[in-house]
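S.K.: Can you read through this structure? Questions will come right after.
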Amino acid sequence: MSALAGYGIFRSALEEANELFDYELRSVAISLPQSVADTELANRESGDFEGLQDDRVVIQIWDASNVLTYDSLPSAKLPRQHAGFQSIEVDGRHYRVFGLQQASRFVQVGQPLSVRDESALAQASRTLWPLLAILPLEIALVLLVVKRALRPVNLISRSLAARSIETLAPLDMANATPTEIEPLVDALNDLLVRLDRALHAQRVFVADAAHELRTPLTALKLQIQVARRDHTKPSDEDLLRKLEDRVNRAIHLVQQLLALAREDAEASVRAGNADLRRVATQVISDLSVLAEHKGIDLGLECTGLVVTECPIVVIGDETSLETMVTNLVDNAIRYTSPGGQVDVRLCTSAAEVTLEVVDNGPGIPAADLGRVLDRFYRAGNASGQGSGLGLAIAAKVAAKHQAEFSVSNRTDRQGLKVSVSGLRRALAGNPGAARFSGARLEPNWHTQT
C-alpha cells in the first residue's frame, strides 16, 4: 500500500511539474527580445523563471529565411520542430520543446525531461517522508487488528488440537464466536456430528460382522472337535454335510459383507445403462437350482408398456442392480416354505420401471417391519440360514439409483412384497428403443422355472 501511495504521489507531482515547466517554456519563448543581439540576455540567470538556468534550457532562433541565428547550447543539436509543444529524443536524451512562430523569426525553447523528473521526485520525497515516519505505526496497528480478528480462529485451532482422536463432540464456543465465522463453526460442528455418526455405524458394523462370522466358525470348530473326540470316520456323510453347511454359511456371509462394503464405498451410481430384463433373467437362472431344491416356483413377469423379448434398459450400474436383484430373490427363496412361489415382476411405464419381488412365505411381523433394513437384523419369525444383510444391501443400491425402496406384507394373501420403484428408463440411444416403436406390444408375459 505504501508503494502504491508513493507511486501515486510521484505521478501527481510529475503532472504538476509538467504543467509548470510547460508554462515556463512558453513564457521564455514569448519574453525573448526581438533583436538577435539582445538575445544575450537569455544567457543570464533570471528570477522570472523561478531559478530555471540557461544550461538547462536550450534556446534556438531561426530567421525568416530559416537560418539558425542563435543557439544557446549547440551541443544539444535540437532539430527544428513545428509550433507548439513537442516531446522528442535526440542522441538518447529526451527533451520537451516549445516552438513559437513570430513575424520575422521562429523561436524554439527546449528542456531535458530529466529536469521534470528530478523536480517531481523531490516534491514526492517531501510528501512521502511523513508517511514513512508513521509506517511502523501503521504496520503495528494492522498486526494488532488482524491478531484480534483471528483470535476466535486460534481458539478453534487450539480446541481441536487439544482433543483426543476419539472426541467428535461439537465445538462449544459459548458466546465467543463472532458473526463472521459462525458459518465456519456451524460447518465444523456439522462435519463432526456426521463423522461421529459414521464412526459409530462403522463400529456397530464391525462388531456385528465379527459376531455373525464367529457363529458359523465356532460351530464349525465344535463339529471338528466332536469328530476328533468320537474318532468319526472322514466318510461320515452326516458330519460332512454339517461341515459343508457351516462353511457355506460363512462364505455367504463374507460375500454379503463384501457386497455391502462395495456399495458403501461408492457414494453415487456409476454412469451407464443396464438391461433390467436380462439382469433379472440371469439372476433367476443362477438361483433356479436353489429354488428347485426347495420345490419353489420361481418366475419372471413383465407388465405394462413392454415388448416381448425387448430389453428393458434403465439408467444405472448393471453390477449393482444385479447385486440388488440377487439379494432380493435369494432372500425370498430362503424364507419361503418348500413348495411356495416367488415372482419377480418388472412393471414398466414410459419413463420408469418398478421391480417387485413377491413371495408367499411367512411375511414379517408388523413390529419388525421398521427394522428389517437394519444391518444384521432378522425378524422374530425368521427361520433358516441368513445373514440379515440382504435387504440392507438392496436398499443401499436402490438409494444410489434414486429409487424408492419399500417392504410390506401382502394384502391379498400371506407373503412379503419388496418393491423398488422409480428406476429411470434409458430410451435415447438405446438399441432396444429403436425396435420398440415398430414392435407388437403385449400387456404382460410370464416365464417359470
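Read-outs throughout are calculated quantities, based only on the coordinates presented, and are distinct from any laboratory measurement. Predicted model, so just to flag it, every value in this text is computed and none were measured. So basically every Cβ, Gly included, is an ideal-geometry build from the backbone, and we count neighbours across all protein chains shown.
S.K.: Over 22 Å between C-alpha atoms is what I'm after, so list which of K221/K242; K242/K294; K242/K417; K294/K417 land there.
M.R.: Working: K221/K242 11 Å; K242/K294 18 Å; K242/K417 32 Å; K294/K417 20 Å.
Too far apart for the 22 Å limit: K242/K417.
S.K.: Can you put T303, T326 in order, fewest other beta carbons within 10 Å first? Provide the component values of the computation, followed by the final result.
M.R.: Values: T303 16, T326 22.
Result, fewest neighbours first: T303, T326.
S.K.: Still on this structure, please answer the following. Sort C347, C302 by Cβ crowding within 10 Å, fewest neighbours at the top. Before the final figure, lay out the partial values.
M.R.: Working: C347 18, C302 25.
So the residues, fewest neighbours to most, are C347, C302.
S.K.: If you don't mind, there's one more thing I want to ask. State the extension gain, in nm to one decimal, for the chain segment bounded by E182 and S31, taking 0.36 nm per residue of separation less the distance between their alpha-carbons. Intermediate values should be presented prior to the final figure.
M.R.: Numbers: separation 151, 0.36 × 151 = 54.36 nm, distance 7.28 nm.
My answer for the length gained is 47.1 nm.
S.K.: Also, quick follow-up: Quick one: I139, I9, I224, fewest Cβ neighbours within 10 Å first, how do they rank? Spell out each step's value before the answer.
M.R.: Working: I139 11, I9 18, I224 14.
Taking fewest neighbouring Cβ atoms as first place, the list is I139, I224, I9.
S.K.: Okay, moving on. Can you compute the modelled spin-label distance between E404 and R278, with each label point 7 Å from Cα toward Cβ, in nm?
M.R.: 3.0
S.K.: What distance in nm lies between label points placed 7 Å from Cα along the C-beta direction at T69 and R229?
M.R.: 14.0
S.K.: Still on this structure, please answer the following. Please work out the FRET efficiency for the pair R197 and E16, using the Cβ-Cβ distance as r and a Förster radius of 56 Å; give the result to the nearest 0.05.
M.R.: Details: r = 69 Å, r/R0 = 1.23.
After rounding, the FRET efficiency stands at 0.20.
S.K.: Let me ask you something else. Stretched out fully, how many nm does the piece from I139 to L290 gain, at 0.36 nm a residue minus the Cα gap? All intermediate terms of the calculation are to be shown ahead of the outcome.
M.R.: Details: separation 151, 0.36 × 151 = 54.36 nm, distance 8.05 nm.
Gain on extension, I139 to L290, equals 46.3 nm.
S.K.: Let me ask you something else. When Lys and Arg each count +1 and Asp and Glu each count -1, what net charge do the other residues less than 9 Å away from A274, Cβ to Cβ, add up to?
M.R.: Values: positive: R278; negative: D275, D317, E318, E322.
Taking every Cβ under 9 Å from that of A274, the sum is -3.
S.K.: Under a point spin-label approximation (7 Å from Cα along Cα-to-Cβ), what is the L222-T303 distance to one decimal in nm?
M.R.: Simple spin-label model gives 4.6 nm for this pair.
S.K.: Another question, if that's okay. Between L258 and D245, what is 0.36 nm times their sequence separation minus the Cα-Cα distance? Round to one decimal in nm.
M.R.: Details: separation 13, 0.36 × 13 = 4.68 nm, distance 1.99 nm.
Contour length minus the Cα-Cα distance gives 2.7 nm.
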